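The values are calculated or read from the model by the stated rules, or taken from the named source; none is laboratory data. What you see is a predicted model; the values in this text were computed from it and never measured. With ideal geometry, Cβ positions are generated from the backbone for all residues, glycine too; neighbour counts draw on all protein chains shown. Areas reflect the complete protein model, heavy atoms only, side chains present, ligands, DNA and RNA absent. Shrake-Rupley method; radii C 1.70, N 1.55, O 1.52, S 1.80 Å.
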Amino acid sequence: MRKVLFTAVALLLIGQIAMAQDMRRRPNGARRMAPVKKEMALQLYSIREVMGSAEKYAEKHKEVFKQLHDWGYTAVEAANYNDGKFYGVSPEQYKKDCEEAGLKPISSHTTRGLSDEELANHDFTEALKWWKKAIKDHKAAGMEYIVTPGWGVPKTLKDAQTMCDYANEIGKMCREAGLKYGYHTHSHEFQKVEGEVWIDYMMQHVDAENMFWQMDVYWAVMGQQGPVYYFKKYPGRFKMLHIKDIYELGASGFVGFDAIFGAADVAGLENYVVEMEDTDGTIDIMEGVRRCAEYLKRSRFVRPSYSK
């Protein structure tokens with residue numbers, strides 16, 4: 001009896017040691033566990049070489065969308081709105097293509113910048129005409145969000161205020177149409193304009209009801225800024241995030257995804273979007289996209305859903 005008991009205790013200790021060693025080897029909280037189904041979107045810019053032109057889309061999209069769904073993605077963010085079409089097809093067709101693959105066409109990166117003349121004259125007349133059609137097309141495509149992928153840094157606070165006024169007008173139009181309008185940050189928004197930090201100026205001069213923020217957490221870190229610091233500074237303003245690393249998620253070790261997702265309620269997070277800009281050359285982009293999905297599914301700190 002003592003021998004049996006001793007053997008059982010020894011096996012239990014060996015198992016605990018092995019588990020502890022395995023967890024230490026796993027980066028950034030991505031512990032070994034069965035993947036959990038989670039709501040996650042992919043920015044299609046990540047696979048731009050695969051999606052490519054309208055011709056490539058026509059040839060490839062069904063296969064690609066099915067693959068994304070099989071890997072666990074539940075939604076996609078477009079990055080190719082042009083001449084009233086998404087990837088060369090009508091808004092209605094794009095919506096149909098996504099939904100047939102089990103994906104939600106949740107959002108889109110698109111914008112219409114102001115010319116130097118429009119900026120100087122504080123004139124949004126033609127720009128807002130463009131937005132009227134864009135909003136209609138995005139509604140037809142089943143989008144919930146339209147996101148400006150970025151503007152340059154204004155030279156003066158006068159120009160900065162004009163851009164904020166423009167954002168307020170766009171946001172009002174989107175809100176009236178039942179869409180949410182957002183701005184995607186990089187690192188240059190942390191630069192100063194006449195002594196004012198550009199992102200802070202925008203936060204303070206664009207109404208929260210008119211524009212949310214889609215922080216790219218990787219570029220914030222590259223700009224030597226703490227995402228969680230900004231969530232706490234402007235709580236509830238970050239309805240979307242771009243979840244990114246230098247390559248696939250967890251590759252660098254210096255983006256604190258556990259802390260970022262841990263502050264989701266403070267941020268006001270509703271949905272997040274995975275984006276990859278490149279790989280290290282040892283894998284192709286689709287394999288990188290697959291690994292990102294696996295990382296998120298296995299990470300205990302990522303909830304199944306953030307939808308309100």
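At a glance:
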| read-out | value |
| --- | --- |
| Matching entry among ARG237, ARG300 (being part of a loop (DSSP other than H, G, I, E, B), under 15 Å from the mean Cα position of the chain (by Cα), basic (Lys, Arg) and farther than 30 Å from GLU49 by Cβ) | ARG237 |
| All strands (runs of 3 or more DSSP E) inside the stretch 95-209 with 1 or more residues being without any contact (Cβ under 8 Å) to a residue 60 or more places away in the chain, crowded, with 19+ Cβ neighbours inside 10 Å and touching a Ser or Thr at 6+ places or on another chain (Cβ under 8 Å) | 145-148, 180-184 |
| In the stretch 262-308, residue least open to solvent (accessible area, probe 1.4 Å) [restricted to those that are of a type in the set (Asp, Glu) and without any contact (Cβ under 8 Å) to a residue 12 or more places away in the chain] | GLU287 |
| Complete set of residues in the stretch 90-135 that are over 30 Å from LYS158 (Cβ atoms) and hydroxyl-bearing (Ser, Thr, Tyr) | SER90, TYR94, SER107, SER108 |
| Options ALA251, ALA259; residue that is part of a helix (DSSP H, G or I), farther than 20 Å from VAL197 by Cα, open to solvent by 10 Å² or more (accessible area, probe 1.4 Å) and among the aliphatic types (A, V, I, L, M) | ALA259 |
| Residue in the stretch 73-84 that is in contact (Cβ under 8 Å) with a residue 60 or more places away in the chain, crowded, with 18+ Cβ neighbours inside 10 Å and over 16 Å from ALA141 (Cα atoms) present | yes |
| For LYS95: the one exception among (1) over 20 Å from the mean Cα position of the chain (by Cα); (2) within 20 Å of GLN43 (Cβ to Cβ); (3) among the basic types (Lys, Arg) | (1) |
| Single condition TYR87 does not satisfy, out of (1) touching a Phe, Trp or Tyr at 6+ places or on another chain (Cβ under 6 Å); (2) of a type in the set (Phe, Trp, Tyr); (3) under 28 Å from MET163 (Cβ atoms) | (3) |
| Some residue of the stretch 45-62 being over 18 Å from the mean Cα position of the chain (by Cα) and outside any helix (DSSP H, G or I) | yes |
| Failed item in (1) closer than 20 Å to GLN43 by Cα; (2) outside any loop (DSSP other than H, G, I, E, B), with LYS232 passing the rest | (1) |
| Flag if VAL228 is within 18 Å of the chain's Cα centre (by Cα), closer than 26 Å to MET276 by Cβ and surrounded by fewer than 21 Cβ atoms within 10 Å (Cβ to Cβ) | yes |
| Residue among LYS239, LYS244, LYS233 that alone is open to solvent by 40 Å² or more (accessible area, probe 1.4 Å) and in contact with a strand residue (DSSP E or B) (Cβ under 7 Å, 6 or more places away or on another chain) | LYS239 |
